[in-house]
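K.L.:
Below are the structure tokens for one structure; questions will follow.
Since every read-out is calculated from the coordinates, none of them should be taken as a lab result. Just so you know, these numbers come straight off a predicted model, no measurement behind them. Methodologically, a virtual Cβ is constructed for each residue, glycine included, from the backbone with ideal geometry; neighbour enumeration extends over all protein chains shown.
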Amino acid sequence: MTGPSPIRIRRRPHLAPLLVPLLVVLAAGAGIFWIGTWAQTTVVILVRHAETDPVASGDPDLSKAGEARVKGLGDYLAGVLSGGKVDYLYSADTRRAQQTAAPIANQFKLPINLLSSSDWAGLASRIKREHRGKTIAVVGYASTIPGVLSELSATSVALAEDEYDSIFLVVVPSPGPTRVFRLSYGPPTVPPRTAP
């Protein structure tokens with residue numbers, strides 16, 4: 001009589017040598033994807049409206065000097081920007097701001113998205129939230145541009161009442177420190193002479 005047959009234990013191959021490299025490759029791929037979607041640079045262009053008609057009251061149009069200044073604004077921005085394009089355009093809801101924004105809208109084939117006076121307080125966080133990785137142009141006033149600039153970059157700046165030639169280019173990388181560049185366009189602003 002033969003005894004019970006011995007139980008044979010089947011040895012499974014170790015999967016660990018195969019699973020560890022596979023998991024490493026999957027984790028690296030997920031990390032690259034995450035960094036690619038997270039690490040995007042947002043560029044914000046802040047422009048003050050151009051010179052207005054000094055005798056008009058209320059919501060004045062641009063003066064002849066203001067019209068001359070903004071005539072080449074779209075071309076200027078296309079040459080300054082590395083990607084050569086603007087993705088979104090905001091403007092204050094006044095004629096002078098819209099007339100300043102018009103050459104940008106024409107150059108980049110964009111609609112002008114109007115901002116009322118109550119929209120300026122949350123504009124910087126809206127740009128960061130809704131326009132990550134895009135290039136945004138904002139046309140405003142001497143009173144609104146410094147606030148948006150400060151919220152985007154913690155940079156304090158004051159615009160003189162007669163300063164119309166400054167453009168602020170705000171580069172917001174993610175991750176990394178925000179950089180601000182102050183550019184000039186059109187003829188230099190000449191302060192009015194005071195009578196002796």
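K.L.:
Please work out how much length the chain gains when fully extended from ALA56 to ARG132, using 0.36 nm per residue of separation minus the C-alpha to C-alpha distance, in nm with one decimal.
P.N.:
Working: separation 76, 0.36 × 76 = 27.36 nm, distance 3.90 nm.
So the extension gain works out to 23.5 nm.
K.L.:
Which lysines have a Cα lying under 23 Å from the Cα of LYS71, excluding residues fewer than 8 positions away in the same chain?
P.N.:
The reachable lysines, counting only those whose Cα sits under 23 Å from LYS71, are LYS85, LYS109.
K.L.:
Hey, another quick one. Find how many whole Å separate the alpha carbon centroid of region 165-191 from the alpha carbon centroid of region 40-89.
P.N.:
13
K.L.:
If you don't mind, another one. Give me the net charge of PHE168's neighbourhood, meaning all other residues with Cβ under 10 Å from the Cβ of PHE168; Lys, Arg count +1, Asp, Glu -1. It would help to have the intermediate numbers written out before the result.
P.N.:
Numbers: positive: ARG48, ARG182; negative: none.
It works out to a net charge of +2.
K.L.:
Take the Cβ-Cβ distance between SER156 and ALA28 as r, set R0 to 45 Å, and report the resulting FRET efficiency rounded to the nearest 0.05. Intermediate results must be reported in sequence, preceding the final value.
P.N.:
Details: r = 42 Å, r/R0 = 0.94.
After rounding to 0.05, the efficiency reads 0.60.
K.L.:
Moving on. I want to check the label-to-label distance for SER82 and ASP119. Put each point 7 Å from Cα in the C-beta direction and report it in nm to one decimal.
P.N.:
Result for the modelled spin labels: 2.9 nm.
K.L.:
Could you please report the charge total around LYS71, scoring K, R as +1 and D, E as -1 over all other residues with beta-carbon less than 13 angstrom from its beta-carbon?
P.N.:
My count for the surroundings of LYS71 gives -1.
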